Amino acid sequence: MTRRDTKKFEVRRLQLTGGSTYIVSLPKRWVLDHGLAAKDQVRVEWRPSGNLRIIPESSSIIRRREVDIHLDNLPDNLSIDHLIAAYLAGANIIRIHRKNGFDTKDRKLFRRFISIGRGIEIVNETDRMLEIESLVNAGSLPIISSLNRMYLLIRRVLSDILESFVSKDPSYLEDIEDRENEVDALRLLVERQIGEILESAYLEDSAGINRWEAAELGNLVRTMERIGDHVYALGQLAKDSEKANSIDINELPFSLIPSWLEAFKALNSNIKRPNLNQIHDAKNQLRNDMAVLSEFEENLWTETDTVHALYLHRCSESIRRLCAYVNDMAEINLNIHTHKHSSMVIRV
């Protein structure tokens, strides 16, 4: 169905009927756009803000978002960004076009996109057009489960990094890039889900997450992805065997990682059921750890072995940023807790 470029509202007057009932008529254009007719049912919801939301219960109209991407009009190095943007926009169909046909480089781009997008497949293909369809119902995938999967991946990678420092065995680091890519793919999936929840009342209901909370979970998943980035950066530093061989994980900055892991675990468990005491304890511990790391980095300026000092500084910076991002998680959890326990007061 072609979307009409019309204004999104009309002003209607309340009418009193029967002496005790107020009614308001629905715009004819809205009724037709949703495939409704006389005697069809609509659901009227009273939102926490006091607004009413009218939802067609028996609409015969099926809507889907479609995006067309013309590779000839894009810089080669930004094509993947446009594909990801279409995915995050909630596109059900993504059509990719190339005037003179796709080459090997294009095929590699498509494989990369399919690998980082969850639930998408190529459903139609010609020499000059490729069609990708999303086969996943966003409302059927629990966002909290995806966040927990990200948490487990990040924790496992960091554990392997520490083991590589202890054992001097680089084999623990062989697949950290694959796991980093999986964290990124989960972030894209959750952001797509959140975008669809913000647009659809049905998905908001089926996911059991209101729009305000969905926006905060969007902040949370981006924070989790940045945590993954810094764990990956630490893994890349660990691959430098010559410098990594001199590391003792029982000394600063690595000796603070167990404290960070404890806070990370506590705050991840608090996403679904916030516990204020645990959030407060985690925030205080993280602030103390960041202060210790900042002082440690300052003292590295006096080291005579500049190469070793620079290596330690880069490691410490990544660990300090891990603390900062988990501290952000604590603030997001506080936001969600406060919103859930707030009350809407009506004043006339």
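The values are calculated or read from the model by the stated rules, or taken from the named source; none is laboratory data. Owing to the predicted nature of the structure, the values given are computational and were not obtained by experimental measurement. Cβ coordinates were reconstructed from backbone atoms using ideal geometry, including for glycine residues, and neighbour counts include every protein chain displayed.
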Notebook entry, point to check: With respect to residue 23, is the statement that it is modelled with pLDDT under 90, more than 24 Å from the chain's Cα centre (by Cα) and either closer than 30 Å to residue 344 by Cα or loosely packed, with under 12 Cβ neighbours inside 10 Å (or both) true?
Noted result: no
Margin query: Name the residue that is surrounded by the most Cβ atoms within 10 Å (Cβ to Cβ), counting only residues in the stretch 283-321 that are at pLDDT below 95 and among the charged types (D, E, K, R).
Written below: 303
Checklist line | Checking residue 345 against (1) free of Cβ contacts under 8 Å to residues at least 60 places away in the same chain; (2) assigned by TED's automatic domain parsing to the domain that holds residue 218; (3) among the aliphatic types (A, V, I, L, M), the condition it does not meet | finding: (2)
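Counting just the residues of the stretch 166-201 that are touching a Phe, Trp or Tyr at 6+ places or on another chain (Cβ under 7 Å) and over 30 Å from residue 212 (Cβ atoms), which one comes out surrounded by the most Cβ atoms within 10 Å (Cβ to Cβ)?
Step one: list which residues in the stretch 166-201 are touching a Phe, Trp or Tyr at 6+ places or on another chain (Cβ under 7 Å), which gives 176, 180, 188, 192.
Among the residues that remain, those that are also over 30 Å from residue 212 (Cβ atoms) are: 176, 180.
Values: 176: 23, 180: 21.
Among those that are touching a Phe, Trp or Tyr at 6+ places or on another chain (Cβ under 7 Å) and over 30 Å from residue 212 (Cβ atoms), it is 176.
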Next item on the list: Working carefully through the options 190, 123, 136, find the one that is of a type in the set (Val, Ile, Thr), under 25 Å from residue 223 (Cβ atoms) and not in a helix (DSSP H, G or I).
Entry: 136
Margin query: Going by what's in this entry, would residue 50 be described as loosely packed, with under 10 Cβ neighbours inside 10 Å, touching a residue at least 24 places away in the same chain (Cβ under 8 Å) and out of contact with any helix residue (DSSP H, G or I) (no Cβ under 8 Å at 6 or more places or on another chain)?
Written below: yes
Margin query: Give me the residue from the stretch 239-280 that is in a helix (DSSP H, G or I), among the small types (Gly, Ala, Ser) and more than 17 Å from residue 153 (Cβ to Cβ) and, out of that set, modelled with the lowest pLDDT.
Written below: 241
Item checked: Complete set of residues in the stretch 167-221 that are over 18 Å from residue 118 (Cα atoms), touching a residue at least 12 places away in the same chain (Cβ under 8 Å) and of a type in the set (Asp, Glu) -> 199, 213, 216
Next item on the list: Search the stretch 90-111 for residues being in contact with a Leu (Cβ under 9 Å, 6 or more places away or on another chain) and part of a helix (DSSP H, G or I), and hand back the single one that is surrounded by the fewest Cβ atoms within 10 Å (Cβ to Cβ).
Entry: 106
Check: Taking residue 40, is it more than 30 Å from residue 346 (Cα to Cα) and either in contact with a Pro (Cβ under 9 Å, 6 or more places away or on another chain) or not in a strand (DSSP E or B) (or both)?
Finding: yes
